[in-house]
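To start, the structure itself, in structure tokens.
The values are calculated or read from the model by the stated rules, or taken from the named source; none is laboratory data. Predicted, not measured: the structure shown is a model, and the values here were computed from it. Every residue, glycine among them, receives a Cβ derived from its backbone with ideal geometry; neighbour counts consider all protein chains shown. For the accessible areas, the whole protein counts, side chains as well, though only heavy atoms, and no ligand, DNA or RNA atoms are used. Shrake-Rupley method; radii C 1.70, N 1.55, O 1.52, S 1.80 Å.
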Amino acid sequence: MTAISAIPGSLRATEAIETRRSIRKYHPDMPLHHLQEILRLATLAPSAWNAQPWRFVVVASPEVKTQLHAAAYQQNQVLEAPYTIVLYSDAEDTLHTAIETSHPHFGEEGQIRQVQTLQKALSRLSIEQRAQWGDTQANILLGVLMVAARGLGYDTVPMLGFDQSKVKTLLGLPEHVTITALLPIGRAAETGRPHHRHSLERLTRYV
Ligand SMILES: Cc1cc2nc3c(=O)[nH]c(=O)nc-3n(C[C@H](O)[C@H](O)[C@H](O)COP(=O)(O)O)c2cc1C
């Protein structure tokens with residue numbers, strides 16, 4: 001039996017996408033191992049050079065939640081949810097530990113060449129540009145994470161409404177990292193709003 005079937009209520013990917021809504025009210029219970037399985041699935045997201053610059057802080061303690069709530073303009077979902085995932089990217093750590101993510105499939109020499117290519121490309125960028133690069137990768141993971149959560153019966157709300165510096169200080173994160181989003185997660189205690197989206201015709205051109 002795979003880890004995924006240990007969580008009741010797995011949905012097909014299409015169902016998970018259709019039924020995902022931003023949820024701001026939660027039931028308090030969520031086993032830690034369910035959260036860990038959702039995070040594991042999210043880390044299967046793709047990234048340039050497989051560099052995986054994303055990192056997580058999981059906020060569960062009432063004291064830290066209260067401070068995070070203050071840094072997130074008193075948005076109550078941070079207090080309501082059993083956990084809030086603080087998703088951030090650390091391009092500096094990525095740059096200096098590239099050997100960890102270079103695929104063994106390339107063989108030893110190939111791995112070293114790949115590390116050199118990645119380091120050369122990232123070294124040309126400023127710290128700010130590298131941070132932007134890391135944030136782009138982490139946003140890909142964010143999408144996968146929300147769908148993985150829904151697929152296993154949990155709900156989320158992505159949040160950019162928070163003060164970057166205050167959250168970094170609160171969690172002891174270095175200045176150079178970028179926080180991609182706060183993501184409260186848990187079992188929904190509300191239905192959320194129906195989707196309200198542009199039509200495909202409004203968004204798409206065929207050439
Ligand atoms: C990058 C991003 C930042 C967001 N920030 C917040 C936020 O700070 N607070 C909040 O309540 N919702 C936030 N949302 C949720 C959006 O309001 C929501 O995704 C949108 O209205 C569509 O609704 P749905 O997620 O239910 O489909 C954010 C969504 C995204 C993608």
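Our summary of shape: the Cα atoms of the stretch 3-189 have principal axis extents of 52, 38, 25 Å, ordered from largest down, in whole angstrom. Taking label points 7 Å from Cα along the Cα-to-Cβ direction, Arg197 and Gln119 give a separation of 4.3 nm.
Under 5 Å between amide hydrogens, built in the peptide plane, is the criterion, and for Tyr26 it picks out Ala189 among residues at least 5 positions away or on other chains. Here the dipole of the stretch 45-157 is about 200 debye; that uses its Cα centre as origin and unit charges on the Cβ of Lys and Arg (positive) and Asp and Glu (negative). Computed from point charges on the beta carbon alone (+1 for Lys and Arg, -1 for Asp and Glu), the dipole magnitude for the chain about its Cα centre is near 620 Debye.
For the pair Glu128 and Gln36, label points projected 7 Å from Cα toward Cβ lie 4.1 nm apart. Considering only Ser102, Gln77, Tyr88, and ranking their Cα positions along the charge dipole of the stretch 3-189 that arises from unit charges at the beta-carbon of Lys, Arg, Asp and Glu, the one farthest toward the positive end is Gln77. Taking the Cα centre of the stretch 131-207 as reference, the dipole from Cβ charges on Lys and Arg (+1) and Asp and Glu (-1) amounts to some 240 debye.
For the residues Pro31, Pro46, Pro184, a GNM of the chain with alpha-carbon springs under 10 Å puts the largest fluctuation on Pro31. Taking a ≥ b ≥ c as the square roots of the eigenvalues of the Cα gyration tensor, the stretch 6-87 is classed as oblate, since a/c reaches at least 1.5 and a/b does not exceed b/c. Each residue of the stretch 112-127 was assigned a 3J(HN,Hα) from its phi angle through the Karplus curve 6.51 cos²θ - 1.76 cosθ + 1.60 (θ = phi - 60°); the sequence is 5, 4, 5, 4, 5, 4, 4, 5, 5, 5, 6, 5, 5, 8, 6, 4 Hz, with glycine and proline shown as x.
In this simple spin-label approximation, Asp29 and Gln164 carry label points 7 Å from Cα along the Cα→Cβ vector, and these lie 4.0 nm apart. Within the accessible surface of the chain, defined with a 1.4 Å probe on protein heavy atoms only, the carbon and sulfur portion equals 56 percent.
Based on protein heavy atoms only, the stretch 3-189 ends up with 49 Å² per residue of surface accessible to a 1.4 Å probe.
Entry note, the chain: the mean residue ellipticity at 222 nm calculated from DSSP H runs of n ≥ 4, each adding -39500 (n - 2.57), is -13000 deg cm²/dmol after division by the residues and rounding to the nearest 500. Working note: Karplus 6.51/-1.76/1.60 with θ = phi - 60° gives the stretch 60-66 the couplings 10, 6, x, 5, 5, 4, 4 Hz, where Gly and Pro are set to x. Straight-distance candidates among the lysines for linking to Lys65, with alpha-carbon spacing under 25 Å and chain neighbours fewer than 8 residues away dropped: Lys25, Lys166, Lys168. The length gained on full extension between Asn76 and Ser22, counted as 0.36 nm times the residue separation minus their Cα-Cα distance, comes to 18.1 nm.
Amide H to amide H distances under 5 Å link Val157 with Ile23, where only residues 5 or more positions off or on other chains count and H is placed in the peptide plane. With point charges of +1 on the Cβ of Lys and Arg and -1 on the Cβ of Asp and Glu, referenced to the Cα centre of the stretch 1-82, which listed residue (Leu32, Ser47, Val59) lies farthest in the positive direction of the dipole? After comparing all options, I get Ser47.
Selection among Thr204, Val167, Thr191 by position relative to the dipole of the stretch 122-207 gives Thr204 as farthest towards the positive end (Cβ unit charges, Cα centre).
Each residue of the stretch 79-87 was assigned a 3J(HN,Hα) from its phi angle through the Karplus curve 6.51 cos²θ - 1.76 cosθ + 1.60 (θ = phi - 60°); the sequence is 7, 5, 6, x, 9, 10, 8, 9, 9 Hz, with glycine and proline shown as x. Between the amide H of Thr178 and those of Ser89, Ala91, distances stay under 5 Å, these residues lying 5 or more places away or on another chain, with hydrogens modeled in the peptide plane.
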